[in-house]
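FYI, it's all coordinate maths here, none of it is from the lab. The structure displayed is predicted, hence computed values, not measured ones. As a convention, Cβ positions derive from the backbone with ideal geometry for all residues, glycine included, and neighbour counts pool all protein chains shown.
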Amino acid sequence: MKNLFLYPLSWIYGFVVYLRNQMYDLGIFRSTEFDVPVISIGNITVGGTGKTPHVEYLVKLLHEKYEVATLSRGYKRKTKGFRIVETTSTVAEVGDEPLQIKNRYPEITVSVCENV
């Protein structure tokens with residue numbers, strides 16, 4: 001029963017993704033390019049999908065060879081704007097996951113900003 005309901009939704013989702021990709025291909029939507037390599041992880045609207053463990057895995061792999069920095073929204077923090085996360089920061093200032101990453105890898109730059 002569940003499959004009968006989800007199957008048409010998967011086609012609708014696939015069509016929407018196709019249209020979005022076409023918009024980029026036609027230049028209606030524009031990509032942003034940076035002078036440094038950027039790895040973007042996750043969907044900012046869905047929690048609990050393993051984004052933070054994945055970020056930590058990539059930091060572990062890359063931080064000894066490259067200068068690594070992370071940027072997060074700082075979900076549920078009480079502050080606004082751009083902030084650099086310090087090991088002395090509080091969860092209220094920067095959010096729990098950015099602080100967790102900073103405490104695990106104090107040598108990398110960790111920052112938060114709600115307009116990521």
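Things to note:
- Residue match in the range 31-40 (condition: in contact with an Asp or Glu (Cβ under 8 Å, 6 or more places away or on another chain), touching a residue at least 12 places away in the same chain (Cβ under 8 Å) and not aromatic (F, W, Y)): no
- Odd one out for V110 among (1) surrounded by 13 or more Cβ atoms within 10 Å (Cβ to Cβ); (2) out of contact with any Pro (no Cβ under 7 Å at 6 or more places or on another chain): (2)
- For the range 45-64, filtering for residues that are of a type in the set (S, T, N, Q) and closer than 12 Å to Y105 by Cα leaves 0.
- Residue satisfying all of: in the range 31-74; in a helix (DSSP H, G or I) and hydroxyl-bearing (S, T, Y); farthest from N21 (Cα to Cα) among these: Y57
- Only residues that are charged (D, E, K, R) and surrounded by 10 or more Cβ atoms within 10 Å (Cβ to Cβ) were counted in the range 32-76, giving 6.
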